Amino acid sequence: MYHLLKGFHEYLTRKEEFSVIIIGLDGAGKTTLLEKIKTLYNDTPGLSPDKIGPTVGQNTGKITLPSTILQFWDLGGQRGIRNIWPKYYDDCHAVVYVLDAEDRERLGEGWEVFDSVLSNPQILGVPLLLLANKQDSPMSLSVDEIRNGYEDWHQSKLESSRRDRFSESETSVAARRQRWASLDVMGISALEGTGVRAAVDWLFIRVQNSRR
Ligand SMILES: Nc1nc2c(ncn2[C@@H]2O[C@H](COP(=O)(O)OP(=O)(O)OP(=O)(O)O)[C@@H](O)[C@H]2O)c(=O)[nH]1
Ligand SMILES: [Mg+2]
């Protein structure tokens, strides 16, 4: 009887675990975000920003929410190590793409990389959240400017590929458009923590429905 009750209690209080990967260009603020999430949700605070250096490989962090554990994988964003990202795609339940909204010079590179994430078949059905980071800076682009920025970038990419007579199939353009149209973009400051809880709430809700 004891074992039956114990098993029932464990069944009622069990927590499902979901994996979330955090990707984006180097310097976008991924590790700062992960450490801020740890500070906001765990008893032991994450690293302070001055202790964070460029990530070579990965950092991990776990938070516990009602009936759910979110396991985060923060992956290094430097050009030479981005090819490790796809190794995590098959097992993840959500993808967070962090963009440095302050760094206008690297936005094109950020969109190029984001575009390949958006159209990657391994994660087509997986919830994808685009975070416009560094909203604390007055130089940062707003969420609306970021949305329009990607649309303009994508449009000019399509036009230049047509000029070069290299056109993508209509189906893949349509699939990407559809994914983009249903995509959520949120503004955060990983440094100050603004918007971070809203982003975690979004992940919490979306991984429940992702069920991959
Ligand atoms: N102003 C401002 N600076 C930020 C914010 N988030 C991160 N930074 C700064 O941006 C720089 C890079 O942050 P990281 O968290 O190391 O960036 P990363 O994306 O992990 O970079 P890699 O590990 O190289 O891929 C650091 O100087 C951070 O302090 C933010 O919200 N606002
Ligand atoms: Mg990092």
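With K and R counted +1 and D and E -1, the other residues having a Cβ less than 11 Å from that of Gly76 yield a net charge of +1. For region 79-140 versus region 150-164, the spacing of their alpha-carbon centroids is 19 Å.
Backbone phi angles across region 27-44, fed through the Karplus curve with coefficients 6.51, -1.76 and 1.60 (θ = phi - 60°), yield HN-Hα couplings of x, 5, x, 5, 5, 4, 5, 4, 5, 5, 4, 4, 4, 6, 10, 10, 5, 8 Hz in residue order; Gly and Pro are listed as x. GNM on the chain, alpha-carbon springs under 10 angstrom: the most fluctuating residue among Leu70, Leu47, Leu12 is Leu12.
Treating each Cα of region 2-210 as an identical point scatterer and summing with the Debye formula, the log10 of I(q)/I(0) at q = 0.11, 0.13, 0.16 Å⁻¹ comes to -0.54, -0.74, -1.08. Near the amide H of Ile188, within less than 5 Å, lie the amide hydrogens of Ala132, Asn133, Lys134, Gln135, all on another chain or at least 5 residues away, with H placed in the peptide plane. Taken about its Cα centre, the chain carries a charge dipole of about 640 debye when Lys and Arg each add +1 at the Cβ and Asp and Glu each add -1 at the Cβ.
List the aspartates and glutamates whose Cα sits under 16 Å from the Cα of Lys157, skipping any in the same chain fewer than 8 residues away. Output for Lys157: Glu109, Glu112, Asp115, Glu168, Glu170. Dividing the helix sum by the residues of the chain, where each DSSP H run of 4 or more adds -39500 (n - 2.57), gives a mean residue ellipticity at 222 nm of -13000 deg cm²/dmol. Picking from Gln178, Gly108, Tyr2, whose Cα lies most toward the positive end of the charge dipole for the chain (charges on Cβ: Lys, Arg +1; Asp, Glu -1)? Of the candidates, Tyr2 comes out farthest on the positive side.
Each reported figure results from applying straightforward, stated rules to the coordinates on display, with no laboratory input. The model shown is predicted, which means the values in this text are computed figures rather than measured ones. Ideal geometry is used to build each Cβ from the backbone, glycine not excepted, and the neighbour counts take in all protein chains shown.
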